[in-house]
1. Considering each of LEU79, LEU118, LEU137 in turn, give the residue that is within 19 Å of ASP39 (Cα to Cα), of a type in the set (A, V, I, L, M, F, W, C) and in contact (Cβ under 8 Å) with a residue 24 or more places away in the chain.
2. Under 9 Å by Cβ, and 6 or more places apart or on different chains, what pairs join a residue from the stretch 45-58 that is in contact (Cβ under 8 Å) with a residue 60 or more places away in the chain with one that is open to solvent by less than 100 Å² (accessible area, probe 1.4 Å) and among the aliphatic types (A, V, I, L, M)?
3. Any idea which residue in the stretch 107-132 is least open to solvent (accessible area, probe 1.4 Å), counting only those that are assigned to a loop (DSSP other than H, G, I, E, B) and over 20 Å from HIS383 (Cβ atoms)?
4. I need a count of the residues in the stretch 203-212 that are surrounded by 20 or more Cβ atoms within 10 Å (Cβ to Cβ) and either free of Cβ contacts under 8 Å to residues at least 12 places away in the same chain or in a loop (DSSP other than H, G, I, E, B) (or both).
5. Give the number of residues within the stretch 354-365 that are open to solvent by 70 Å² or more (accessible area, probe 1.4 Å) and either under 22 Å from LEU196 (Cα atoms) or in contact with a His (Cβ under 8 Å, 6 or more places away or on another chain) (or both).
6. Could you tell me which residue of the stretch 136-171 is nearest to the chain's Cα centre (by Cα), considering only residues that are outside any helix (DSSP H, G or I) and at pLDDT below 95?
7. In the list ASN351, ASN343, which residue meets the criterion of being more than 27 Å from the chain's Cα centre (by Cα) and either open to solvent by less than 80 Å² (accessible area, probe 1.4 Å) or modelled with pLDDT of 95 or more (or both)?
8. Among (1) within 28 Å of GLN329 (Cβ to Cβ); (2) assigned to a loop (DSSP other than H, G, I, E, B); (3) at pLDDT 95 or above, which single condition is ARG232 missing?
Amino acid sequence: MIPNQRVLILGFVWPEPNSSAAGGRMVQLISIFKEQGFDVTFASSASDSDYMIDLESLTVTKKSIALNCSSFDVFVKELNPTIVLFDRFMIEEQFGWRIAENCPDALRILDTEDLHCLRLARQKAFKENRKFTTDDLLVEDVAKREIASILRCDISFMISEYEMELLQSVFKIEANLLYYLPLLLEPIDYSFIQNLPTFEERQHFVFIGNFLHEPNWNAVQHLKETIWPLIRKQMPEAVLQIYGAYPSQKVLQLHKPKEGFHIMGRANDAQEVARNARVVLAPLRFGAGIKGKLVEAMQCGTPSVTTTIGAESMCGDLPWNGFITDDPQVFADKAIELYQDSNLWLKTQENGFEIIARRYLKSLFEKDFMQHILKVQTNLKPHRLHNFMGTMLQHHTLTSTKYMSRWIEEKNKKI
């Protein structure tokens, strides 16, 4: 237990662990701080949602804050946090200069979730029907903003090893500014595995993904237009159920029960859906980070078929819990093979449990995580001194973003 540590988390949205992997990730971070005895306050300028987690049940203080308003300065001075965690770079852009000015000794941490510039650059290359290269990142405006945010912070949590390597090789970010912290899961015990639905008890293919996330919507389109017809050609009675939070009208219009293509909307319990499905399909053609839907499939003992983008940085050198392919016909063939072959299904299910046990257990990371935070806290002045690019960017941010925000605040007073 570490006394007298106050963590302020500045959220892009209020956490919705049942809606997205990002929401689940945030709850994991909150839990690890709480378990170490930290006092945690979660603040956001977002509106409340029907699906947000009850922060008070986690003994976390909830605080609504305003953008471009000096009331935040009063709040943060009074709270006087020892650690400030920014939920994605957009939040650091908005509030980072205020933290630097009002709480200069607070450790500033950025939780990237995934590398936004990588996801957007891949998306742009895909839409332009060309192959993505790392040069695409160098001309991406979001990259300039995101890399500046990483440099201004003392530590940036990275969920993907590939993205850590990319930041160091392409953008020349110093390794001591980055910290690998994947999803933090509890172990899967033997009794849980024994009580999972068997191969014979499960049915249907399933896709699960938040529809506010563009890679998910694109994957569903790819399923509908290309992959699902190939599967149905060989399995005329096959059923695919598409689950996801915030489906738009264009998503709902894809509902075609006669074709075995069912738009189910939000899952009340995504894990229950995954547990009862026989195979998860995730033909993601662009994106970044770790795919929560695929980790969840492994936890539920459900094999999956995905793409190289979908599986990126997820299994290391371990065999996948299903198949990885970018070829639509191979994707369809392997999905059918998994669906029909119980021995293959059981073998790939075991692969998933092994990936969880060796790469995602909280116990593998929590001790080093705390030690690293305390080490950087203890050596904060020399740590920042050796990050000249970061201090330079912080200086210019304080003299530009600050005055833009002050101008907006004054303008709002006159309205």
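The values are calculated or read from the model by the stated rules, or taken from the named source; none is laboratory data. All values reported here derive from a predicted model rather than from experimental measurement. Reconstructed Cβ throughout: ideal geometry from the backbone, glycine too, with neighbour counts over all protein chains shown. Each accessible area value is taken on the protein alone, full model and side chains, heavy atoms only, with ligands, DNA and RNA left out. Shrake-Rupley method; radii C 1.70, N 1.55, O 1.52, S 1.80 Å.
1. LEU79
2. Cβ pairs passing all conditions: TYR51/ALA245.
3. LEU115
4. Looking only at that region, the number is 3.
5. Final tally of qualifying residues: 2.
6. Restricting to residues being outside any helix (DSSP H, G or I) and at pLDDT below 95, the top hit is GLU140.
7. Selected residue: ASN343, the only one of ASN351, ASN343 that is more than 27 Å from the chain's Cα centre (by Cα) and either open to solvent by less than 80 Å² (accessible area, probe 1.4 Å) or modelled with pLDDT of 95 or more (or both).
8. Looking at each condition in turn, ARG232 falls short on (2).
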